[in-house]
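The values are calculated or read from the model by the stated rules, or taken from the named source; none is laboratory data. Quick caveat: nothing in here was measured; it's all calculated off a predicted structure. A quick note on method: Cβ atoms are made from the backbone with ideal geometry, for glycine too, and the neighbour counts reach across all protein chains shown. Side chains are part of the model used for accessible areas, which takes the heavy atoms of the whole protein and leaves out ligands, DNA and RNA. Shrake-Rupley method; radii C 1.70, N 1.55, O 1.52, S 1.80 Å.
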Amino acid sequence: PPKLTRRTLLGGAATVAVAVVQTSWTKGVQIGIPEQPDDPTRRMGIPPGEVGTRSPFEKVVRKASDISSRTPLQDLHGTITPSDLHFERHHNGVPAINPATYELLIHGQVERPTVFSLADLKRFPSVSRIAFLECSGNFRTGKETMSPQEICGLTSQSEWTGVRLSTLFREVGVKPDSADGRPGWFLAEGGDAAVMSRSIPLRKGWDDAIIAYAQNGEALRPEQGYPVRLFLPGWEGNTSVKWLRRLEIGDQPWQTREETSKYTEGIKGGKIRQFSFDIDARSIITFPAYPVQVERGWIEIRGLAWSGRGKVVLVEVSTDAGKRWQRADLQEPVLDKAHVRFRHLWQWNGAETEIMSRVTDETGYTQPTFAQLIDARGADTGGYHFNPITAWQIKPDGRVLNRPENWR
Amino acid sequence: PPKLTRRTLLGGAATVAVAVVQTSWTKGVQIGIPEQPDDPTRRMGIPPGEVGTRSPFEKVVRKASDISSRTPLQDLHGTITPSDLHFERHHNGVPAINPATYELLIHGQVERPTVFSLADLKRFPSVSRIAFLECSGNFRTGKETMSPQEICGLTSQSEWTGVRLSTLFREVGVKPDSADGRPGWFLAEGGDAAVMSRSIPLRKGWDDAIIAYAQNGEALRPEQGYPVRLFLPGWEGNTSVKWLRRLEIGDQPWQTREETSKYTEGIKGGKIRQFSFDIDARSIITFPAYPVQVERGWIEIRGLAWSGRGKVVLVEVSTDAGKRWQRADLQEPVLDKAHVRFRHLWQWNGAETEIMSRVTDETGYTQPTFAQLIDARGADTGGYHFNPITAWQIKPDGRVLNRPENWR
Amino acid sequence: PHAVGDTLPNRFGFGKPATAAQISRIDIDVRPDGVGLPAGSGTAAKGQVIFVSKCAACHGVGGTGGAQGALVVTAPAPGKRPANVIGNYWPYASTVFDYIRRAMPFAEPGSLTNNEVYALTAYLLSANNLMDEKTVLDAKILPTIQMPAQKRFVPDDRRGGPDIH
Amino acid sequence: PHAVGDTLPNRFGFGKPATAAQISRIDIDVRPDGVGLPAGSGTAAKGQVIFVSKCAACHGVGGTGGAQGALVVTAPAPGKRPANVIGNYWPYASTVFDYIRRAMPFAEPGSLTNNEVYALTAYLLSANNLMDEKTVLDAKILPTIQMPAQKRFVPDDRRGGPDIH
Ligand code: HEC
Ligand code: HEC
Ligand SMILES: [Ca+2]
Ligand SMILES: [Ca+2]
Ligand SMILES: [Ca+2]
Ligand SMILES: [Ca+2]
Ligand SMILES: [Ca+2]
Ligand SMILES: [Ca+2]
Ligand SMILES: [Co+2]
Ligand SMILES: [Co+2]
């Protein structure tokens, strides 16, 4: 008999079609045509393929502006952010970098100024860790109809893989801090059109910095620094310089525009705080949250909590506008400097109320209210490192609305 | 002055173009045109967008046959498998299921036969866990030019989110096991063209089974059971029935084709082993592995290890064809029933040798050799639950070749 | 300190009661003891006619092997082991009915009537010498058919530890 | 029991020595003490000409604000606070040179000559009243310019714990 394979069948008498989207720069991808069969058990399905695609019924997207795009936190589950939905913040777009000609230069106060190819970097001992990355400008308020994505969608989480920067420091012979004990710094510089540059204390490089080339199993995505980025666990996202082309070791900070004009915040007494690297602990309820509408009865309140200073130890939820707080469940494993999924069961009786969450990290830091932050820093502070408790109003008809904060 | 935004600039005098691939069933996706600029620091990059895409320089794909597609293990880092590269094994393709009309029926020996919509399922308390999923038919050998993908690419790992099956069991009032103490079973049935069906001991349902609707943060991918699948941590992949439409509770197994004709294996004495659910512990070196060629000097040997019976406690690597074994480093956190990344530094002197890994799990099971497996089960056993040590030959010129096993 | 834990409710009240009609529409499984078998019947002779037109293209003349494999015991090629098929490997006859009804023919699953499935099951069982080719197969007869492979089947008794068998 | 741990080598021997040419091609940073400043010079007058043609479309006439923000101190609108710009917020003059050279003009970064960057820096510093508009700005002068905001800058001194300030 003639050999009838699945593919010949599908190519011939098949009732379900397969579209293969083919372009000159991507390989073919499987896409099922969403013509809904009356009964999927009576039609052959789409055969296996090289690369899958989302269900055409799913419309989960980032919210993009000219300078950033925000992760749809309210649509996500668990803790991993799909790589193509990782938030973006770049200062002049995503460059196209050829991995075959890519080079990382390390120079300055080192024994052996060295150029590494991508293949060189991949030969070194590697490390992987699941950790969040948050832009320190990740705060918005102002209206009731704002989703978690709009309020704080500039945070995402991936499993990052790369070589420890300390390994490269040893390889090039980074010289110890200056004779007078002044701490050393290094400059991290990107190969994008902004030639992004940040000064980082050497200490962080020795501690846990990663020269990352992979994200969630695969190569970094272009928007996250392909082929190579710096990854500084727990630190404000801008310091994890993408499209990394150069590290210079020195004995003082460079005072780049991104650590003076930007990524600094006014504090009391007319002072401006600089080199505020740690991401302060934060949490947000992602369900229920605008724009969902809920029904009376049991509701599992869900959200994310994280701290740039270490592990989350406690998340509390209030369902009575902050009067009483109850301990939420934390999904294990709770990882260092990582988004943690928290959950809390609540029986809603239909009365108007406000729900909110607050996190405490292992250093004893507890997420403050908006008023506490303004009180501590003064009304002149900007939007950097602004991590207040987010409250959601539950209306009697089940609508869930952001409770806007009065900025000034 | 006129408002010059990034986008108007890009639409006008821009030198880097953005292609937006638009189809009737997907939203637009950003794709950078890979025309390599001479110097990316001198050209505006691609602006933020709704959904990212891989770098056009990355060619990482599954290897597809008519019935399955295999994850490119040799190309991946860390432990998470990108969802669109998760292996596939279906028995009649991927159905197109509308989440708005989707229903899960639970009936049989229950107090309250119930139909759940997708929205119903998402309202229950949820749970997330990172765990592997492996097809029990995941073994190939036969030639030297085989990659990890070809040898054992039918295993992948995701963070799965859903409702515990035990929660639904309580909701519908699953009746206790039969009066004579015979253990209860349930039938899990898919809504695909194979109407896949497997009998599962009730015990697993109470233990750790998940009715999963999300994978790596987003909705399940179509190939992994969109919108809902059963997920049985540590058990052979076929039992984690995809596109789940029905669970029937009963007092004996149904003896479906997939638990009699298939997914059973010959053992000694002419016996056929059935209901062999656990995935036996396994490991494989994914680097260096065919098709890479290595250089003399330091090599970080990297691979994956896992066990369906619990945690990996030890991975050993031999670089002298199995004579001596050295303890590899395990990437923390080591999770239950999860792929673990192991690494081991080795200085290759250029001499021909063989490298291999073996895992031991917390039950004390140690991954056997091919000969030990054949010896224990008899030469008539099939390819199910076949988890031998994989050896790679290192040739003097640095080529890395599979060491084929003599099947019969 | 919170509402979960010991106060976790047994029921949340989500989902709708399933009606008998909703259940029977998709409750298609058939057990070895015959539970789930529908009304109807069929003979091997009728089954053979259907098989020639709807099955033989993939499973060969008389089910003796084609691109998608044999369904009937045949003498193996010299030096080869026999293929695992219904007659020598399947432990229960009910599975033949259940599987054909849910999954075959491959390109048109769910298209056969119950009588057609009974007839095809009768044809394949008798071609495998598991029942008399004259017998009219129905819900009463099917569970009584003994399969030679049944005695070979054993459940997995490994419980972790060093046992690799 | 294995080769890593205490025997982890300090050097693996991967990568290539960087040549002076490779370094100088991309070593573009400029520090507050002037390290990194190139040869060349420029005046505010020349800077103004360039500014009008290459910068004002985005930053406004005289750098007083456009779609992409002001660069020069201006009187705030009544009831508003002044925008944070070079003259009232930037702690070091070197950053003006460094940033313009690496990143501006936005649509053609890296297109300016060193003399043009000196001129633009001179123009913006004098427009902010930070240097005399007649001064020829070069690598010697630039590090001597004092910025009023410098004294306001303090490093983050929070070290975890309850401190939220
Ligand atoms: C277009 C090809 C095709 C046709 C026509 C077809 N089959 Fe199949 N058959 C298959 C394939 C492919 C499989 C294996 C399916 C899988 O991957 O699980 C199969 C499997 C089977 C099996 C299980 C074999 C085993 O050992 O587990 C039986 C029984 C079967 N078919 C019977 C039939 C009958 C009866 C018909 C006609 C009514 C039929 N087939 C028509 C392709 C076909
Ligand atoms: C096409 C629009 C455009 C043009 C033309 C332009 N800029 Fe800019 N400029 C921007 C944008 C956008 C930013 C903010 C970039 C970012 O997101 O980091 C900026 C930022 C700056 C800053 C930093 C402002 C601060 O407070 O941090 C300076 C200084 C600057 N530009 C100077 C110049 C000079 C000098 C020129 C001409 C040589 C110029 N710009 C031309 C768009 C432009
Ligand atoms: Ca190591
Ligand atoms: Ca900061
Ligand atoms: Ca819970
Ligand atoms: Ca099995
Ligand atoms: Ca039934
Ligand atoms: Ca320098
Ligand atoms: Co709780
Ligand atoms: Co080791």
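Restricted to region D:69-81, and to residues that are within 11 Å of chain A (Cβ to nearest Cβ) and of a type outside the set (A, V, I, L, M, F, W, C), which residue is surrounded by the fewest Cβ atoms within 10 Å (Cβ to Cβ)?
To start, the set of residues in region D:69-81 that are within 11 Å of chain A (Cβ to nearest Cβ) comprises D:69, D:71, D:79-81.
Checking the rest, the ones that are also of a type outside the set (A, V, I, L, M, F, W, C) come to D:69, D:79-81.
Numbers: D:Gly69: 13, D:Gly79: 5, D:Lys80: 8, D:Arg81: 11.
So, considering only residues that are within 11 Å of chain A (Cβ to nearest Cβ) and of a type outside the set (A, V, I, L, M, F, W, C), the one surrounded by the fewest Cβ atoms within 10 Å (Cβ to Cβ) is D:Gly79.
Considering only region A:274-287, how many residues are at the interface with another protein chain (Cβ under 10 Å from one of its Cβ atoms) and assigned to a loop (DSSP other than H, G, I, E, B)? Show your work before the answer.
Here is the first cut: in region A:274-287, the residues at the interface with another protein chain (Cβ under 10 Å from one of its Cβ atoms) are A:274-278, A:280-281, A:287.
Pick out the ones that are also assigned to a loop (DSSP other than H, G, I, E, B) and you get A:275-277, A:280-281.
Number of matching residues: 5.
For a quick check of your reading of the model, give me the residue pairs whose first member lies in region B:346-366 and is within 14 Å of chain C (Cβ to nearest Cβ), whose second is surrounded by fewer than 16 Cβ atoms within 10 Å (Cβ to Cβ) and in a loop (DSSP other than H, G, I, E, B), with beta-carbon atoms closer than 6 Å and at least 6 apart or on different chains.
Final answer for the pair search is B:Thr363/C:Gly161; B:Gly364/C:Gly161; B:Gly364/C:Pro162.
What are the pairs, 6+ residues apart or on separate chains, where a residue within region A:368-381 that is among the aromatic types (Phe, Trp, Tyr) has its Cβ under 6 Å from a residue that is surrounded by 15 or more Cβ atoms within 10 Å (Cβ to Cβ)?
Correct list of pairs: A:Phe370/A:Pro388; A:Phe370/A:Glu405.
Which condition breaks for A:His91 when tested against (1) away from ligand 4 (no atom under 16 Å from the Cβ); (2) of a type outside the set (A, V, I, L, M, F, W, C); (3) assigned by TED's automatic domain parsing to the domain that holds A:Gly205?
Going through (1) away from ligand 4 (no atom under 16 Å from the Cβ); (2) of a type outside the set (A, V, I, L, M, F, W, C); (3) assigned by TED's automatic domain parsing to the domain that holds A:Gly205 one by one, A:His91 breaks only (1).
Is there a residue in region C:154-164 that is out of contact with any strand residue (DSSP E or B) (no Cβ under 7 Å at 6 or more places or on another chain) and part of a helix (DSSP H, G or I)?
Checking region C:154-164: not a single residue is out of contact with any strand residue (DSSP E or B) (no Cβ under 7 Å at 6 or more places or on another chain) and part of a helix (DSSP H, G or I).
Given the structure, is D:Gly60 within 14 Å of chain B (Cβ to nearest Cβ), open to solvent by less than 20 Å² (accessible area, probe 1.4 Å) and either within 16 Å of ligand 3 (Cβ to nearest atom) or in contact with a Gly (Cβ under 6 Å, 6 or more places away or on another chain) (or both)? Let's see the steps before the verdict.
On the way: within 14 Å of chain B (Cβ to nearest Cβ): yes; open to solvent by less than 20 Å² (accessible area, probe 1.4 Å): yes; either within 16 Å of ligand 3 (Cβ to nearest atom) or in contact with a Gly (Cβ under 6 Å, 6 or more places away or on another chain) (or both): yes.
Yes, satisfied.
Among the residues of region D:140-165, write down those that are open to solvent by less than 40 Å² (accessible area, probe 1.4 Å) and within 16 Å of ligand 8 (Cβ to nearest atom).
D:Leu142
Scan region C:7-26 and give yes if some residue there is of a type in the set (Val, Ile, Thr), within 11 Å of chain A (Cβ to nearest Cβ), over 21 Å from the mean Cα position of the chain (by Cα) and surrounded by fewer than 14 Cβ atoms within 10 Å (Cβ to Cβ), otherwise no. Spell out the reasoning first.
Step one: list which residues in region C:7-26 are of a type in the set (Val, Ile, Thr), which gives C:7, C:19, C:23, C:26.
Narrowing the set further to residues that are within 11 Å of chain A (Cβ to nearest Cβ) leaves C:7, C:26.
Right, trim to over 21 Å from the mean Cα position of the chain (by Cα) and you get C:7.
After this cut, where a residue has to be surrounded by fewer than 14 Cβ atoms within 10 Å (Cβ to Cβ) as well, the list is C:7.
Yes.
Check whether at least one residue in region A:296-303 is assigned to a loop (DSSP other than H, G, I, E, B) and within 30 Å of A:Gly184 (Cβ to Cβ), and report yes or no. So that I can check it myself, show each step before the final result.
If we filter region A:296-303 for residues that are assigned to a loop (DSSP other than H, G, I, E, B), which is where we start, we get A:296.
Imposing the further condition that a residue be within 30 Å of A:Gly184 (Cβ to Cβ) reduces the set to none.
No - not one qualifying residue is present in region A:296-303.
Keeping to region B:361-395, report how many residues are within 24 Å of B:Ile301 (Cβ to Cβ) and within 20 Å of the chain's Cα centre (by Cα).
Residues of region B:361-395 within 24 Å of B:Ile301 (Cβ to Cβ): B:361-362, B:365-373, B:386-395.
If we keep only those that are within 20 Å of the chain's Cα centre (by Cα) too, we end up with B:361, B:367, B:386-390.
Count: 7.
Please identify the pairs in which a residue from region C:14-38 that is within 16 Å of ligand 5 (Cβ to nearest atom) has its Cβ atom under 7 Å from the Cβ atom of a residue that is in a loop (DSSP other than H, G, I, E, B), counting only partners at least 6 apart or on another chain.
These pairs meet every condition: C:Phe14/B:Phe124.
Filter region A:220-263 down to the residues that are part of a loop (DSSP other than H, G, I, E, B), within 16 Å of ligand 4 (Cβ to nearest atom) and open to solvent by less than 10 Å² (accessible area, probe 1.4 Å) and list them by number.
If we filter region A:220-263 for residues that are part of a loop (DSSP other than H, G, I, E, B), which is where we start, we get A:220-221, A:225-228, A:232-234, A:236, A:240-243, A:251-256, A:260-263.
Among the residues that remain, those that are also within 16 Å of ligand 4 (Cβ to nearest atom) are: A:232-234, A:236, A:240-241, A:253-256, A:260-263.
Selection gives A:Leu232, A:Pro233, A:Gly234, A:Glu236, A:Ser240, A:Val241, A:Trp254, A:Thr256, A:Thr260, A:Tyr263.
Tell me which of these B:Arg324 doesn't satisfy, since it passes every other one: (1) more than 14 Å from chain D (Cβ to nearest Cβ); (2) outside any strand (DSSP E or B); (3) open to solvent by 10 Å² or more (accessible area, probe 1.4 Å).
Result: B:Arg324 fails condition (1) only.
What about B:Thr141, is it touching a Phe, Trp or Tyr at 6+ places or on another chain (Cβ under 7 Å) and either of a type outside the set (Ser, Thr, Tyr) or more than 16 Å from ligand 4 (Cβ to nearest atom) (or both)? Quick ask: steps written out before the conclusion?
Details: touching a Phe, Trp or Tyr at 6+ places or on another chain (Cβ under 7 Å): yes; either of a type outside the set (Ser, Thr, Tyr) or more than 16 Å from ligand 4 (Cβ to nearest atom) (or both): yes.
When the stated conditions are applied, B:Thr141 passes them.
Report the residue count in region B:199-252 for those that are of a type in the set (Lys, Arg) and either closer than 18 Å to B:Ser307 by Cβ or in contact with a Lys or Arg (Cβ under 6 Å, 6 or more places away or on another chain) (or both).
Let us first name the residues in region B:199-252 that are of a type in the set (Lys, Arg), namely B:203-204, B:221, B:229, B:242, B:245-246.
Add one more test, that the residue is either closer than 18 Å to B:Ser307 by Cβ or in contact with a Lys or Arg (Cβ under 6 Å, 6 or more places away or on another chain) (or both), and what stays is B:204, B:229, B:242.
Number satisfying all stated conditions: 3.
B:Asp329 versus (1) closer than 14 Å to B:Leu314 by Cβ; (2) open to solvent by less than 50 Å² (accessible area, probe 1.4 Å); (3) under 23 Å from the mean Cα position of the chain (by Cα); (4) free of Cβ contacts under 8 Å to residues at least 24 places away in the same chain: which is the lone unmet condition?
Single failed check for B:Asp329: (2).
Looking at B:Tyr290, is it more than 9 Å from every other protein chain (Cβ to nearest Cβ) and in contact with a helix residue (DSSP H, G or I) (Cβ under 6 Å, 6 or more places away or on another chain)? Step through it out loud before you land on a result.
Numbers: more than 9 Å from every other protein chain (Cβ to nearest Cβ): yes; in contact with a helix residue (DSSP H, G or I) (Cβ under 6 Å, 6 or more places away or on another chain): no.
In short, no.
Which fully enclosed strands (runs of 3 or more DSSP E) of region B:83-157 have 1 or more residues being more than 18 Å from B:Ala209 (Cα to Cα) and in contact (Cβ under 8 Å) with a residue 60 or more places away in the chain?
Working: elements: B:103-108, B:114-117, B:126-134.
In region B:83-157, the matching strands (runs of 3 or more DSSP E) lie at B:103-108.
Check region B:375-387 and report whether any residue there is part of a loop (DSSP other than H, G, I, E, B), open to solvent by 30 Å² or more (accessible area, probe 1.4 Å), over 30 Å from C:Lys80 (Cα atoms) and away from ligand 9 (no atom under 16 Å from the Cβ).
Checked region B:375-387: no residue is part of a loop (DSSP other than H, G, I, E, B), open to solvent by 30 Å² or more (accessible area, probe 1.4 Å), over 30 Å from C:Lys80 (Cα atoms) and away from ligand 9 (no atom under 16 Å from the Cβ).
Looking at the structure I just gave you, is B:His77 open to solvent by less than 10 Å² (accessible area, probe 1.4 Å) and facing another protein chain (nearest Cβ under 7 Å)?
Values: open to solvent by less than 10 Å² (accessible area, probe 1.4 Å): no; facing another protein chain (nearest Cβ under 7 Å): yes.
Answer is no for this residue.
List the number of the failed condition for B:Ser199; all other conditions in (1) touching a Pro at 6+ places or on another chain (Cβ under 6 Å); (2) open to solvent by 10 Å² or more (accessible area, probe 1.4 Å) hold.
In the conditions (1) touching a Pro at 6+ places or on another chain (Cβ under 6 Å); (2) open to solvent by 10 Å² or more (accessible area, probe 1.4 Å), B:Ser199 misses (2) alone.
Have a look at A:Gly322, A:Gly308 and point out the one that is in the same structural domain as A:Arg358 (by TED's automatic domain parsing), of a type in the set (Gly, Ala, Ser) and within 28 Å of D:Arg102 (Cβ to Cβ). Walk me through how you get there before you give the answer.
Details: A:Gly322 fails: within 28 Å of D:Arg102 (Cβ to Cβ).
None of the others qualify; the one that does is A:Gly308.
Inside region B:193-219, can you point out the residues that are within 8 Å of chain A (Cβ to nearest Cβ) and in contact with a helix residue (DSSP H, G or I) (Cβ under 8 Å, 6 or more places away or on another chain)? Walk me through it before giving the result.
Initially, region B:193-219 is screened for residues within 8 Å of chain A (Cβ to nearest Cβ), giving B:193, B:195, B:213-214, B:216-219.
Correct list: B:Ala193, B:Val195, B:Tyr213, B:Asn216, B:Gly217, B:Glu218.
Say we look at region A:264-273 and pick out the residues that are within 7 Å of chain D (Cβ to nearest Cβ) and open to solvent by less than 10 Å² (accessible area, probe 1.4 Å); which of these is nearest to the chain's Cα centre (by Cα)?
Of region A:264-273, the ones within 7 Å of chain D (Cβ to nearest Cβ) are A:267, A:270-273.
Right, trim to open to solvent by less than 10 Å² (accessible area, probe 1.4 Å) and you get A:272-273.
Numbers: A:Ile272: 26, A:Arg273: 24 Å.
Restricting to residues being within 7 Å of chain D (Cβ to nearest Cβ) and open to solvent by less than 10 Å² (accessible area, probe 1.4 Å), the top hit is A:Arg273.
Any idea which of (1) assigned to a loop (DSSP other than H, G, I, E, B); (2) within 16 Å of ligand 3 (Cβ to nearest atom); (3) small (Gly, Ala, Ser) is the one B:Gly364 doesn't satisfy?
That leaves (2) as the condition not met.
Could you say whether any residue in region B:310-318 is open to solvent by 20 Å² or more (accessible area, probe 1.4 Å), in a loop (DSSP other than H, G, I, E, B) and closer than 23 Å to B:Ser158 by Cα?
Going residue by residue through region B:310-318, those that are open to solvent by 20 Å² or more (accessible area, probe 1.4 Å) are B:311, B:313-314, B:316.
Then drop every residue that is not in a loop (DSSP other than H, G, I, E, B), which leaves B:311.
Right, trim to closer than 23 Å to B:Ser158 by Cα and you get B:311.
The answer is yes; a qualifying residue exists.
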